[in-house]
1. Carbon and sulfur: what percent of the chain's accessible surface (1.4 Å probe)?
2. At what distance in nm do the modelled label points of S233 and E534 sit from each other, each positioned 7 Å from its Cα along Cα→Cβ?
3. Got a sec? Charge dipole of segment 434-527, +1 on Cβ for Lys and Arg, -1 for Asp and Glu; which of V438, P520, I488 is way out at the positive end?
4. Might you tell me the accessible area per residue for the chain, computed with a 1.4 Å probe and given in Å²?
5. Based on the inverse mean of 1/r over its pairs of different Cα atoms, what is the Kirkwood hydrodynamic radius of segment 525-608, in Å?
6. Could you give the distance between the Cα centres of segment 130-166 and segment 245-323, to the whole Å?
7. With +1 on each Lys and Arg Cβ and -1 on each Asp and Glu Cβ, and nothing else charged, work out how big the dipole of segment 106-233 is about its Cα centre, in Debye to the nearest 20.
8. As I understand it, the value is the acute angle between the Cα axis of helix 51-60 and the longest principal axis of the Cα atoms of the chain; what does it come to in degrees, rounded to 10?
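The values are calculated or read from the model by the stated rules, or taken from the named source; none is laboratory data. In this text, all values refer to a predicted model and were calculated from it rather than measured experimentally. When we count neighbours, we look across all protein chains shown, and the Cβ atoms used for this are built from the backbone with ideal geometry, even at glycine. Surface areas here come from the heavy atoms of the whole protein model, side chains and all, with no ligands, DNA or RNA. Shrake-Rupley method; radii C 1.70, N 1.55, O 1.52, S 1.80 Å.
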Amino acid sequence: MCGIIGVIGGEPAVPVLIDGLKRLEYRGYDSAGVATLVNGHIERRRAEGKLGRLEEKLIREPLPGVIGIGHTRWSTHGVPNEANAHPHTAGRVVVVHNGIIENFRPLRDELIAKGRVFTSDTDTEVVAHLIDYHLGLGLTPKKATMKALARLDGAFALAILIAGEDRVMIGARRGSPLTVGWGQGSMYLGSDAIALAPFTRKVTYLEDGDWVVLTRDGAEIFDLSGARVDRPSQLSSMTGAAVGKGNYRHFMEKEIHEQPEVIGETLYGYYNPIAGTVKLPDLGCDLATVPRLTIVACGTSYYAGLTAKVWFERYARLGCEVDIASEFRYRRPPMPDGGLALFISQSGETADTLAALRYAKECRQRIVSLVNVPESTIARESHAVLVTRAGPEIGVASTKAFTTQLTALACFAIATALARGAIDAAGASRLAQALAEVPSRALDVLRHDDRLKAIAREDLMNARDVLYFGRGTSFPIAMEGALKLKEISYIHAEGYAAGEMKHGPIALIDETVPVIVIAPSDELFDKTASNIQEVVARGGKVIFLGDAKGILSLGNLAMRTVELPAVDPFVAPLLYAIPVQLLAYHTAVLKGTDVDQPRNLAKSVTVE
C-alpha cells in the first residue's frame, strides 16, 4: 500500500515529510520521494529503495520549502526506479498518488496528441499533465483540478502542489483513504492518520468523492459536484505505535473498505496497463510444459485456491489440484516430475502449509508461494514468490488478504494461459483489462453497505442456520461467505455448489433458513436460477447477489436482492466476495460479538 504525506505551514517541510513517511513504512514500498515549492518553483528528490537512500540524497542535496508532499511507492506498472518514483511533475504541477487511474491510457494518448511529453511509465503522470493542461487554458488551480478529477476513472487518493501557489495544497480521494490533519498555523494530508500522529491529533477523514483545498489556516472541502461540504473533525487516538481504525468502528470494517485500493496495488504489481500485459516474476520453470499445478492452503486461502483452480483449468487448460494443507501433508500424495506447487498463506508462517511445502520440495516440485509477507518463512523456503499488497490485516477474519490473493492468482492464471497458448495476446489483454476495472467496481459494491446492513438486521442476525449457494467460481465464494459468518457471528452456515442442492442440502430448507445465492450473469446463471426456484418452492428465503440482468430475469423469486456491477465473469469472484464479507460483518455487529478478535481464533496458525 503506497503512502502519502503532505504539509503546508511555516516550518521546513522535509523533516515532517520524512517523519510521516517513516510511519507509513509498515505498508511496504520500494521507492520514495518528496517535493516542495521553493520560491514558487517545484523542487523534488526521489530515490529507489528504502527511505535511508532518500535521506542520504537529501543530505547531499538539501530541499528547503515550507509546503511539500511525499510518497512511498510499491512499484505498480513500471519498474521500481527513480523515473517512476513519486512525486511526478508536469509543467506547474507536482502530484503524489495512491491507487489506479483506470482510464489513464486513453487520457495519455489524448494528451500526447496535444503535444504533451511523458517521462515515466506510471498512470500518475497523467494526473499532473491533465491539471497542467487545464491551467494552461487559464483556469484557476481549483477549477483546473475539478476539471481533471471529472475525467478520471478508478480508485485513488491524490496530493497536489502547483508552482506559484505557495499557499495552497489540494487533495482528493475516490476509494483510497485520505485524511486531513489540523495543526496550529499548519495543515496536513495523510493516507493514514498514523502518518499525522506526531503533528496533530485533530483529523478529518475525507469521504468518498471529496476533494480539499488546504491553506496554512484551514481547509475547504468539496464534493464531486464542486459543492462546499462540511465534514466532522475528531481527535485521533493514534500515537504512531499501532495501525489505527481511522473513522471505522472495527479493523474488519476498515479493511473491507480498503479493498479498492489494495486490489489495485496488488494488480499493478503484475499488470502493465500501457502494454496491456501481465508479467510474473521469474518462476524458474516453463509454464508451457508444466504437467500439473498443485495448490495447497488453509482456511480462506484454500477458497482462493479453489477459485484459481477454475481459472487455471478453464482459461489455461492446466490440470490443477487444490488441497487443504493439513490433509495434504499426511496423505503424502504422489506428485509428477516437473510439477509446480503453489502455497498460499497470508502470514507466510502457517504451520500446516509450511510442512506441506517441505513435502512438495522432497517430491522435486517447483515451489511458488503467494504471501502478504515477503520476508516470511514460507517465502524464504520457496523457489519463487508472488506478493499480495494488502498491507497489515488486523482483523482475524480475512477480507482484503483474500481479495488480493484472488487478484494475484488471476494474474498468474492469465500469464499461464498465454504461455500455454490457451488464449492469445488479445484474449489476455481482455482479461487483464477486466481486472483493471475491479477497483472502481469494488467501490461501487461498497456503496451497498446500508442495504447489506438492513438485510443482516432483518434476515440474518436471528437465524440459526444460513445456506450459501453458488456455481463455478461462485461456489468457493459461497464457502468463504459461510466461513465469514461462522467466524465472527457464530451462526451456523454452510456453502454448497448449487447443483448439489438436491443431493442433500435441500432437506434443510424451510421458511426459517435464509439462502444466500451468489450468481453473476454467466453461462451457469440459468442453472442457478432453476435451483432458486426449487428453494422458493420449499419456502426458502432467497437473498440474491447478482447484476441487473440477473435480477430482472428472476422477477420476484428472491425475497431480497443486491444489485452488483455487471462485469466479465472472470473477475466476478473478487467483487462478490465483498458483499458476503459485509453481510457477515453487520450480522456480527448486530449480535454484539467481538468482530476483530472472535473467540477461539488466531490470526496466524503457527502450530498444528
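1. Numbers: 10940 of 22470 Å².
Answer for the chain: carbon and sulfur cover 49 percent of the accessible area.
2. 6.1 nm
3. It is I488.
4. Numbers: 22470 Å² over 608 residues.
Each residue of the chain exposes 37 Å² on average to a 1.4 Å probe.
5. Numbers: mean 1/r = 0.0650 Å⁻¹.
So the Kirkwood estimate lands at 15.4 Å.
6. Measuring centre to centre over Cα atoms gives 34 Å.
7. Details: 15 positive and 17 negative charges, 62 e Å.
Taking the Cα centre of segment 106-233 as origin, the dipole is about 300 debye.
8. 10 degrees
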